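Visitor: The structure that follows is given in the form of structure tokens.
The values are calculated or read from the model by the stated rules, or taken from the named source; none is laboratory data. Predicted, not measured: the structure shown is a model, and the values here were computed from it. Here the Cβ positions follow ideal geometry from the backbone for every residue, glycine too, while neighbour counts run over all protein chains shown.
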Amino acid sequence: MNVVGKPRRRVDGRAKVTGQTRFADDFALPRMVHLKLLRSPHAHALIESLDVARAQAHPGVHLVLTGKDFPVTFGILPVTQDEYALAPEHVRYVGDPVAGVVARDEQTATEALDLIEVRYRPLEPIATPEEALAKPEPRIHAYGERGNIHRLQAFQFGDADAAIAASDHVFEDIFFYEGNTHLPIEQHACVAALDADGKLTLWSSTQVPHYVHRALARVLRMPASQIRVIATPNGGGFGGKTDICNHELVAAKAALVLGRPVKICLNREEVFYMHRGRHPVLMKFRTGVTKDGKLTGMHLQTLVDGGAYGSYGVASTFYTGALQTVTYELPRYQFEAARVFTNKPPCGPKRGHGTPQPRYGQEIQLDKIAERLDKDPAELRLAMLAKPNSLTANWLRIGSIGLEQCIKTVVERSDWKNRYRKLPQGRGLGLACGAYLCGAGLPIYWNKMPQSGVQLLLDRSGQVTLFCGATEIGQGSDDVLAAIVSEVLGIDPYEVRCVTGDTGMTPVDLGSYSSRVTLMAGNAAIQAAQKLKSMLAEAAAEDLEVAPERISFANGRVSFESHSLTFAEAVVLAEAKFGTLGAVGSYSPPRAPGKYKGAGVGPSPAYSYTACVVEAQVDPRTGWITIPKIWIAHDIGRTINPVLARGQVEGSVYMGLSEALMEEQVFRRLPPKLSRALVHKMPSLLEYKSITSLEMPEMDTVLIEDPDPNGPFGAKEVGQGPLLPVPPAVANAIYDAVGVRIDEIPITPDKVMRALEKKAKGEAPRVGPERFPDVPYPQPLIVPPAWEGGDGSEVKRHDAAAVV
Amino acid sequence: MMRLPWFDYRAPRTLSEAARILAGEGPNAALIAGGTDLLPNMKRRQSAPKVLVSLRRIPELKRNGAVLGAGITLTEIVRKPELPRGLRQAAAQVATVHLRNMGTIGGNLCLDTRCNYYNQNYEWRKAIDFCLKKDGDICWVATASKRCVAMSSTDCAPALLALGARVTLVSANGERELPLEELYNNDGIDYLHRRPDEILTEVHCANAPSTYWKLRRRGAFDFPVLGVAAALIDGSARLALGAVASRPFLVAKANDFLRGKQLTDDVIDEAGRIAASRAKPMDNADLDLYWRKEVTAAFVAYALRELRGDDLRETRSRIARYEPA
Ligand SMILES: Cc1cc2nc3c(=O)[nH]c(=O)nc-3n(C[C@H](O)[C@H](O)[C@H](O)COP(=O)(O)OP(=O)(O)OC[C@H]3O[C@@H](n4cnc5c(N)ncnc54)[C@H](O)[C@@H]3O)c2cc1C
Ligand code: SF4
């Protein structure tokens, strides 16, 4: 291959490093005015009255919008259309938008916010999942399971409890993974404007222009054909820009009303309120193990703190259990989950969407299992790896799996055999693994159309233009698409012009989330490029007087043996032969084998795998933690551009380490006797702690290539999976260093100290959640695994026994 | 983006003119040096002075000899090896490179006190109905307290206290020189014994062996949640603490204990114990409050051991994540 696998400067690299990339905030249009949102100061309240007269009269104010202007709800998932652009009567978290002021500049709009008079009737806020379970009233939403329980899910893939009961060893552990947020350096921003034909255009830093397009049509009650959404290059997304945002809807409406361009840039605090970040998850694992270290069954329960709205929450909740089965052989599995509403900014998808939390628990529990069975944690895992081309208990189809090589690589490179359990007190190594999707098998709204489309245009000058709805969020999707097309056509990737993320110009791609773009848009691009290639080959073959199959494409030439044409010459011949040259390609994932209700979350065309070893240094006197080095190996299938792939691995390690050690989106409840306030503890980049380059360890990154038949050239994802093993590997390394278990995230020096003090007193050297509350999980859906005679559907409870 | 409130800007070229403007404007005016503390506070509407009087064009404040002008930047301090090590270590750990290039020693010594309930923007503070320090009538950190317990968060002050520094204050009515210690008041609101018409102009500080240790989450740019300064003055070690009260202070009891003693391991441990008992961290800053108190003794030990000549570079690089000054 000429392009794929070769380290290259990314195609959009020059624009970025020379400061020429136009982010949403760089847009300034003639006659543009500015929007600011008034947000609720109450965590939970009803709006009794809202008077905008004074704000409207303020000099420089053009328009004030309120909930009355937005009668239609929206939501990213069809089942949870529970948000209003501006809350008409019920506010559900501090920061919930209630009004929008459009003025000649930001300053004036900000001043006018203070002139809007809102009378609230405060309600009791629900601060925690435990409270949400205990207090059905006041209800945060009128829909849901009951009270403040948003969603309950329960599945039984084989009788796991029976298998656990019959095991040689049973492990029961409770873990907690604190919520955290995405922290993209670019705050959300958008500009809405009417074009010369009166159609609406929205430029927005979004990862999902297609979904924003649909939501705008719904909320503004306009034909979608009158709306164009352009995703500007995102200065980081990480899932934080995969939802429909209030400000996008309000800016669009204001532009329609005023006929002038309207701009809004959230400030950092507002980004913390927009959130949609990692759900806090409490989890309980009961796992059965044979004496030689095989898993017999696992029963996982999760309690998910959803915040104030649905967002992606139903899917996130499924993901707290869906991928536990794809790394290690697990014959039986029971999974129960609950998502509750609380009066905090809504949680949603963040890099790894719902899966880092249970992965944290699972990989620490394996470490505990290895210790009890006196086995090496690496050996324990190697002996129970899931098999390639297999089905899991919950009916996921695994294709390629390079986890064995990943584990062996990090074990060897970290000198694990000689150093694990052998380092001096205060130093330790920890190992963990992970797996992730390469694109969700199903779109978020039901349809039978492809998930991704690519269109190629070939100009007689030899210029190749690629159109695709995929959005460049810094991950390098434009580069991947250019690389794939240029590989097929034998040209230089810098020759390909990418037009992406524009609903007015590009075929639909569902967006940059769930690690789907390289695999899905990549396959669509191959298909389109191959169609063009055969036309070019046919035309060139005629000219060179050979059979089309013998024509090769490389280095900008179309050749047969020593005879060759330039690429542009071949294009001219083809255009003369076929007319204007263009081709489309599209991609739909294979059908998932699971047919039960709920089987839609978890299937993917392929899974990526990662293993990681972390070295930790812990000061026994202060609990101070230092991470000197991390070894990581990621099974990427095939690397398209190693520079970008490594960047993604290292970025994931950064983010995983930051979650492991510092990040927490936490809230402060003031003394209830004195106040109803429930506020974000530290909505600022300074006080919301995340690691910086100074805390980054030395990194040893290896990409493992085990091509997957479903991936373009065998490629799998790399944007999210490498995050997963990092937090549990840190926890395991700290255990190796000082013998204490921190069963919750983040792992801070004070927790380590507390555990060390417990240890000194002879108590269990552990800090973590002590109990799992009673959650009213429903009777599980019974879905027998294939090896127990199942066919992928659920069976009724009474005939379950007959099937087994 | 958060925007500044409107203000008038004055940039006098002499100290006396600055003092005159300040006297004329009264409490409506605020001094601005580097602005690295003042401007973020103004964006959050913690203050909205009508007039800003800039000190940047006043040559007298740029004196950089035996006496330090208040307008000397922290970067200039870090780059001046003749200055005491403790002061340079403190300055080097303030904020980030960019902020140190702008931030001055005068501004650092007059830095506003900090609290998690206060260093928030206007909307956030509105959501908690404000607090004593600004616009409210209760202290959320200590609800029974009549006093604001916001933390002194300057790094250079403890270093200079341990070194026995003195400062000069100038107003339209004259000037006075006082020990730095007397500049500070243990009150989160009235944290300085500085009249509103006074300008801090000079810092006088002799060189002496000294060290500064700072506890914070991240070496890149966090405020201190504990600062320990130690200096060897007339043969005795002297300790000052920062970020554990509303003022930085010399730890009298520990210093009495240390007077005339060799810094043996036992002496260091005992000094750590005494100093830690004087630390009163509050639940209004980063990291667990009890833990912060617990590790005070360890940080005192680092400072004293470094002062007696131990090589603590490895420890320092683990804590600071880099080697300052
Ligand atoms: C992200 C960030 C991190 C920071 N981290 C730290 C840290 O770790 N440690 C730390 O100590 N500081 C920190 N700071 C605060 C600040 O940057 C420094 O303290 C800096 O030295 C302040 O100096 P300045 O000249 O910018 O002060 P200014 O902002 O100009 O002034 C600060 C205050 O002092 C008053 N003032 C200034 N000069 C005089 C004078 N000559 N006489 C009387 N009053 C005066 C001003 O009126 C104002 O009230 C941080 C700031 C930020 C934004
Ligand atoms: S200590 Fe109390 S009064 Fe002072 S800023 Fe904090 S909350 Fe406000």
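Visitor: Which fully enclosed strands (runs of 3 or more DSSP E) of segment B:118-226 have 2 or more residues being within 20 Å of the chain's Cα centre (by Cα) and within 13 Å of ligand 1 (Cβ to nearest atom)?
Guide: Working: elements: B:166-171, B:174-179, B:199-204, B:210-215.
Passing ranges, in order: B:166-171, B:199-204, B:210-215.
Visitor: Does any residue of segment A:597-609 turn out to be at pLDDT 95 or above and surrounded by fewer than 21 Cβ atoms within 10 Å (Cβ to Cβ)?
Guide: no
Visitor: Let me ask you something else. Where in segment A:13-83 are there strands (runs of 3 or more DSSP E), lying wholly inside it, with at least 3 residues that are under 31 Å from the mean Cα position of the chain (by Cα) and surrounded by 19 or more Cβ atoms within 10 Å (Cβ to Cβ)?
Guide: Per the criteria, A:33-39.
Visitor: I've got another one for you. Report yes if some residue within segment B:69-88 is within 16 Å of ligand 2 (Cβ to nearest atom) and at pLDDT 95 or above; otherwise report no.
Guide: no
Visitor: Okay, moving on. Could you tell me which numbered condition A:His213 fails, if it satisfies all but one of (1) outside any helix (DSSP H, G or I); (2) over 19 Å from A:Lys36 (Cα atoms)?
Guide: (1)
Visitor: Inside segment B:188-230, can you point out the residues that are away from chain A (no Cβ under 13 Å), in contact (Cβ under 8 Å) with a residue 12 or more places away in the chain and within 16 Å of ligand 2 (Cβ to nearest atom)?
Guide: Matches in segment B:188-230: B:Gly188, B:Ile189, B:Tyr191, B:Leu192.
Visitor: Of the residues that sit in segment A:547-583 and are closer than 11 Å to A:Gly490 by Cβ and among the small types (Gly, Ala, Ser), which one is farthest from the chain's Cα centre (by Cα)?
Guide: Residue satisfying both the conditions and the ranking: A:Ser564.
Visitor: Restrict the check to segment A:389-404 and report whether at least one residue is farther than 20 Å from A:Leu323 by Cβ, touching a Phe, Trp or Tyr at 6+ places or on another chain (Cβ under 7 Å), part of a loop (DSSP other than H, G, I, E, B) and in the same structural domain as A:Asp635 (by TED's automatic domain parsing).
Guide: no
Visitor: Given the conditions (1) more than 14 Å from chain A (Cβ to nearest Cβ); (2) over 14 Å from B:Trp213 (Cβ atoms), report the number of the one that B:Ala285 does not fulfil.
Guide: With (1) more than 14 Å from chain A (Cβ to nearest Cβ); (2) over 14 Å from B:Trp213 (Cβ atoms) applied to B:Ala285, the lone miss is (1).
Visitor: Next question. Any idea how many residues of segment A:729-754 are among the aliphatic types (A, V, I, L, M) and in a helix (DSSP H, G or I)?
Guide: 9
Visitor: Sticking with this one: Among the residues of segment B:84-104, what is the count of those that are more than 7 Å from ligand 1 (Cβ to nearest atom) and in a helix (DSSP H, G or I)?
Guide: At the first step, the residues of segment B:84-104 found to be more than 7 Å from ligand 1 (Cβ to nearest atom) are B:84-92, B:97-98, B:100-101.
Narrowing further to those that are in a helix (DSSP H, G or I): B:85-92, B:97-98, B:100-101.
Qualifying residue count for the region: 12.
Visitor: Within 14 Å of chain B (Cβ to nearest Cβ), small (Gly, Ala, Ser) and in contact with a strand residue (DSSP E or B) (Cβ under 8 Å, 6 or more places away or on another chain): which single residue out of A:Gly100, A:Gly60, A:Gly67 fits that description?
Guide: Checking each option against the conditions leaves just A:Gly60.
Visitor: Shifting gears a bit: Which residue out of A:Ile747, A:Ile742 is without any contact (Cβ under 8 Å) to a residue 60 or more places away in the chain and within 14 Å of chain B (Cβ to nearest Cβ)?
Guide: A:Ile742
Visitor: Name the single residue that is nearest to B:Arg247 (Cα to Cα) among those in segment B:103-119 being within 10 Å of ligand 2 (Cβ to nearest atom) and either surrounded by fewer than 19 Cβ atoms within 10 Å (Cβ to Cβ) or among the polar types (S, T, N, Q) (or both).
Guide: Taking the candidates together, the pick is B:Thr113.
Visitor: Whether any residue in segment B:253-265 is buried (at least 20 other Cβ atoms within 10 Å of the Cβ), within 14 Å of chain A (Cβ to nearest Cβ) and either over 17 Å from the mean Cα position of the chain (by Cα) or in a loop (DSSP other than H, G, I, E, B) (or both) is what I want to check.
Guide: no
Conditions (1) closer than 19 Å to A:Ser684 by Cβ; (2) out of contact with any Cys (no Cβ under 7 Å at 6 or more places or on another chain); (3) away from chain A (no Cβ under 14 Å), marked per residue:
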| site | (1), (2), (3) |
| --- | --- |
| B:Arg79 | no, yes, yes |
| B:Gln93 | no, yes, no |
| B:Val97 | no, yes, no |
| B:Gly103 | yes, yes, yes |
| B:Asn116 | yes, yes, no |
| B:Asp129 | no, yes, no |
| B:Lys133 | yes, no, yes |
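Visitor: While we're here: One residue is enough: does segment A:656-678 have a residue meeting the conditions under 23 Å from A:Asp478 (Cα atoms), surrounded by 18 or more Cβ atoms within 10 Å (Cβ to Cβ) and away from chain B (no Cβ under 14 Å)?
Guide: The answer is no, given that none of the residues of segment A:656-678 is under 23 Å from A:Asp478 (Cα atoms), surrounded by 18 or more Cβ atoms within 10 Å (Cβ to Cβ) and away from chain B (no Cβ under 14 Å).
Visitor: Taking the condition free of Cβ contacts under 8 Å to residues at least 12 places away in the same chain and either within 22 Å of the chain's Cα centre (by Cα) or assigned to a loop (DSSP other than H, G, I, E, B) (or both), does B:Asp112 pass?
Guide: No: the conditions fail for B:Asp112.
Visitor: A further question follows. Would it be correct to say that B:Arg125 is surrounded by fewer than 18 Cβ atoms within 10 Å (Cβ to Cβ) and near ligand 2 (Cβ under 10 Å from one of its atoms)?
Guide: Spelling it out, it is not the case that B:Arg125 is surrounded by fewer than 18 Cβ atoms within 10 Å (Cβ to Cβ) and near ligand 2 (Cβ under 10 Å from one of its atoms).
Visitor: Right, next: Exactly one of these conditions fails for A:Pro728: (1) away from chain B (no Cβ under 14 Å); (2) modelled with pLDDT under 95. Give me its number.
Guide: Going through (1) away from chain B (no Cβ under 14 Å); (2) modelled with pLDDT under 95 one by one, A:Pro728 breaks only (2).
Visitor: Return the residue satisfying two criteria in turn: it lies in segment B:24-42 and is of a type outside the set (A, V, I, L, M, F, W, C), more than 16 Å from ligand 2 (Cβ to nearest atom) and surrounded by 17 or more Cβ atoms within 10 Å (Cβ to Cβ), and of such residues it is farthest from the chain's Cα centre (by Cα).
Guide: Per the stated criteria, the residue is B:Glu25.
Visitor: Another one. For segment A:384-404, give me each residue that is closer than 22 Å to A:Ala370 by Cα and touching a Leu at 6+ places or on another chain (Cβ under 9 Å).
Guide: If the condition is that a residue be closer than 22 Å to A:Ala370 by Cα and touching a Leu at 6+ places or on another chain (Cβ under 9 Å), then A:Met384, A:Leu385, A:Ala386, A:Leu403, A:Glu404 are the ones that fit.
Visitor: Something else about it: Condition first: buried (at least 22 other Cβ atoms within 10 Å of the Cβ) and among the hydrophobic types (A, V, I, L, M, F, W, C). Now tell me which residues in segment A:518-534 satisfy that.
Guide: Result: A:Leu519, A:Met520, A:Ala521, A:Ala524, A:Ala525, A:Ala528, A:Ala529, A:Leu532.
Visitor: Still on this structure, please answer the following. Could you please give the count of residues in segment B:136-177 that are surrounded by fewer than 21 Cβ atoms within 10 Å (Cβ to Cβ) and either polar (S, T, N, Q) or within 16 Å of ligand 2 (Cβ to nearest atom) (or both)?
Guide: Summing the residues that are surrounded by fewer than 21 Cβ atoms within 10 Å (Cβ to Cβ) and either polar (S, T, N, Q) or within 16 Å of ligand 2 (Cβ to nearest atom) (or both) in segment B:136-177 gives 12.
Visitor: Just one of the numbered conditions (1) within 26 Å of the chain's Cα centre (by Cα); (2) within 14 Å of chain B (Cβ to nearest Cβ) is not true of A:Pro209; which one?
Guide: (2)
Visitor: Can I ask one more? Which of the strands (runs of 3 or more DSSP E) contained wholly in segment A:411-470 include at least 3 residues that are surrounded by 23 or more Cβ atoms within 10 Å (Cβ to Cβ) and of a type in the set (A, V, I, L, M)?
Guide: Where strands (runs of 3 or more DSSP E) fall fully within segment A:411-470 and carry at least 3 residues being surrounded by 23 or more Cβ atoms within 10 Å (Cβ to Cβ) and of a type in the set (A, V, I, L, M), they are A:427-437, A:452-458.
Visitor: From the set of residues in segment B:59-83 that are closer than 21 Å to B:Leu99 by Cβ and among the β-branched types (Val, Ile, Thr), which is nearest to ligand 1 (Cβ to nearest atom)? Walk me through how you get there before you give the answer.
Guide: Restricting attention to segment B:59-83, the residues satisfying the condition of being closer than 21 Å to B:Leu99 by Cβ are B:61-62, B:64, B:68-80, B:83.
When the remaining residues are screened for being among the β-branched types (Val, Ile, Thr), the result is B:72-73, B:75, B:77-78.
On the way: B:Ile72: 10, B:Thr73: 8, B:Thr75: 10, B:Ile77: 10, B:Val78: 12 Å.
Here the answer is B:Thr73.
Visitor: Can you tell me which of A:Asp635, A:Asp619, A:Asp700 is within 14 Å of another protein chain (Cβ to nearest Cβ) and in contact with a helix residue (DSSP H, G or I) (Cβ under 8 Å, 6 or more places away or on another chain)?
Guide: Result: A:Asp619 is the single residue among A:Asp635, A:Asp619, A:Asp700 that is within 14 Å of another protein chain (Cβ to nearest Cβ) and in contact with a helix residue (DSSP H, G or I) (Cβ under 8 Å, 6 or more places away or on another chain).
Visitor: Go through A:Ser608, A:Ser652 for me and flag whichever is part of a strand (DSSP E or B) and either within 14 Å of chain B (Cβ to nearest Cβ) or of a type in the set (Gly, Ala, Ser) (or both).
Guide: Result: A:Ser608 is the single residue among A:Ser608, A:Ser652 that is part of a strand (DSSP E or B) and either within 14 Å of chain B (Cβ to nearest Cβ) or of a type in the set (Gly, Ala, Ser) (or both).
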